[in-house]
Amino acid sequence: MTHEQSRKYCKGSLRTIFRENVEKAVDKDLEEIWSEVYGLHDIETSDSDESVSLDEGETWERTSVTVSKKRHFEERKSLGGHTTLLKSSKVVLTSGPSSKPKSRMTGFGTPGFPVLSRILNPLVEGPPYFYFENVASMPKKEWENITRHFDGVEPEFVDSKYFCACRRPRGYVHNLPVEGRKLILPEPPMTVQELLPRTTEYWPSWDPRTKLHCINTRSACNSICSGLRNLLLASDGADPPLDVQKHILKKCSSWNLIWTGPGQLAPLEPHEIELLLGFDEDHTRGASNKTDRIQSLGNSFQINTVAYHLSVLKPLYPTGMRVLSLFSGIGGAEVALHKLGIHLHYVVSVEINQNNKIMVESWWKKSGQRGKLKQLDNITDLTSDVLQDLMEEIGEFDLVIGGSPCNNLSGNNRVSRVGLAGPDSSLFFEFTRVLEDVRKVMHRRKR
Ligand SMILES: C[S@@+](CC[C@H](N)C(=O)[O-])C[C@H]1O[C@@H](n2cnc3c(N)ncnc32)[C@H](O)[C@@H]1O
């Protein structure tokens, strides 16, 4: 048996021991990581914070070294640099920026920010690669719980405002390499004015927004827009008084309203949201009504962000990938991989919503996929036996990807934000259960 074979052979049983140790160790240091590195207290309010970007002309020097934990934190203090401590690995990495970053939602690096590196514990290395997404603003203890279920792999927190014209603060837990990431081209519009140039002439000077807020699952109702229109009418073409401006801007921010005429505000249309999120126009058209389209889009991946993370897979799979897409929604994962030019050899897509399934199926045909798409409904029906049979037909999965429902986790939910134990959000545990089953089948096949 070669060294590589024996390492893989031992992976399964070692993982159990490793997981037990992680569970003991992870609690202590996560607190430090969250407050010092990611500043999660900021993330909770990030939807109302518009202020972060690098100053023009600001540059970063890149260095990347592995250091001991103590030295690492000392260096971080003196350099003002980014660091991250990985429970799933021996640790650390750094970069030495020439000045202190103003935002902490840049994960292992976004375009224009320092690139960090990490050393994953071999026990959590792919294949299979995994990639899990959920809202950054969920309570910290829930992210800690998620981390434990991923054998100590911590989330990378990223705001999509670095990739497009809207915010989308998300946590991504994955075992992908983090070096060599690439953007999909063409790069998308980075401001709302570039995205919707026809609206620019109506944008008053007192509305400073260039980025929209996180795309939600609901639109503003007519009464909100007509109420604002009446306020604007009362000023008779002049700039409204400051307190009225402030009130209007607050509503604009909460509901992502855009200027569609002189003194006229309106919510985004589904085709505009599609473009903001990096889908092709009309991706969701045809399968459902406007309300459902907006809801499905509000739950989906931001394509440019996710594609940036997944881009490292392209050189690893030059002939294509076998993908298990869980909670596929409108197919954000599939679209991101396709836009990267990765051939989708086989996709098993698990999604319970029939309209979403139709959208994925119709995109599959429209985009001229030559691989095979198999669609399943309820993830709870994807038992280990079903998976075993599937993998007999398909072979191994290269990637398990998805974002589980966030209904009971999101800061927007004021009624049933009961955490991972909630009826929808507890589906998260299905993701790690299925991932573990995939690993077991792959492990058995290697013997
Ligand atoms: C956060 S969304 C994921 C969106 C997806 N990442 C995308 O890009 O569109 C969660 C999805 O899980 C689906 N879902 C909810 N319960 C499910 C279940 N029991 N089995 C499979 N899918 C489910 C929902 O319909 C929803 O589309």
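Selection over region 228-244 of residues that are touching a residue at least 24 places away in the same chain (Cβ under 8 Å) and closer than 17 Å to Trp255 by Cβ gives a count of 3.
The set of residues from region 298-355 being over 15 Å from Gln369 (Cβ atoms), hydroxyl-bearing (Ser, Thr, Tyr), in contact with a helix residue (DSSP H, G or I) (Cβ under 6 Å, 6 or more places away or on another chain) and more than 8 Å from the ligand (Cβ to nearest atom) comprises just one member, Thr305. Inspection of region 381-390 finds a residue satisfying the criterion of being farther than 22 Å from Asp280 by Cβ, among the small types (Gly, Ala, Ser) and assigned by TED's automatic domain parsing to the domain that holds Pro423. The residues of region 303-320 that are surrounded by fewer than 24 Cβ atoms within 10 Å (Cβ to Cβ) and of a type outside the set (Phe, Trp, Tyr), listed by number, are Asn304, His309, Ser311, Val312, Leu313, Lys314, Pro315, Leu316, Pro318, Thr319, Gly320.
Across region 295-322, the qualifying residues are those that are assigned to a helix (DSSP H, G or I) and over 25 Å from Thr106 (Cα atoms), and the one among them that is nearest to the chain's Cα centre (by Cα) is Ser296. Per the listing Thr147, Thr191, the residue uniquely at pLDDT 95 or above and farther than 25 Å from Leu276 by Cα is Thr147. Of all residues in region 334-373, those that are in contact with a Lys or Arg (Cβ under 6 Å, 6 or more places away or on another chain) and farther than 14 Å from Ser300 by Cα total 5. Taken over region 249-279, the criterion of being within 14 Å of the ligand (Cβ to nearest atom) and either among the acidic types (Asp, Glu) or more than 30 Å from Ser362 (Cα to Cα) (or both) is satisfied by Glu274 alone. Filter region 103-149 for residues that are closer than 20 Å to Val434 by Cβ, polar (S, T, N, Q) and out of contact with any Asp or Glu (no Cβ under 7 Å at 6 or more places or on another chain) and give the result. Selection gives Asn134, Asn145.
Being surrounded by fewer than 17 Cβ atoms within 10 Å (Cβ to Cβ) and within 29 Å of Gly112 (Cα to Cα) is a condition met by no residue of region 222-236.
Within region 150-192, the set of residues being assigned to a loop (DSSP other than H, G, I, E, B) and small (Gly, Ala, Ser) comprises Gly152, Ala165, Gly180.
Ser325 - would you say it is within 18 Å of Tyr131 (Cα to Cα) and in contact with a strand residue (DSSP E or B) (Cβ under 6 Å, 6 or more places away or on another chain)? In short, yes. Before we move on, is Glu396 of a type outside the set (A, V, I, L, M, F, W, C) and more than 23 Å from the chain's Cα centre (by Cα)? Spelling it out, Glu396 is indeed of a type outside the set (A, V, I, L, M, F, W, C) and more than 23 Å from the chain's Cα centre (by Cα). In the condition set (1) within 12 Å of the ligand (Cβ to nearest atom); (2) at pLDDT 95 or above, Leu409 is compliant with all but (2). Of the residues that make up region 359-378, is at least one surrounded by fewer than 21 Cβ atoms within 10 Å (Cβ to Cβ), assigned to a loop (DSSP other than H, G, I, E, B) and modelled with pLDDT under 95? For region 359-378, residues surrounded by fewer than 21 Cβ atoms within 10 Å (Cβ to Cβ), assigned to a loop (DSSP other than H, G, I, E, B) and modelled with pLDDT under 95: absent. Taking region 193-294 as the region of interest, the helices (runs of 4 or more DSSP H) fully inside it that hold 2 or more residues being over 26 Å from Gln354 (Cβ atoms) are 222-234, 242-255.
The values are calculated or read from the model by the stated rules, or taken from the named source; none is laboratory data. The structure presented is a predicted model; accordingly, all values stated were derived computationally and were not measured. Glycine also receives a Cβ, built like all others from the backbone with ideal geometry; neighbour counts cover every protein chain displayed.
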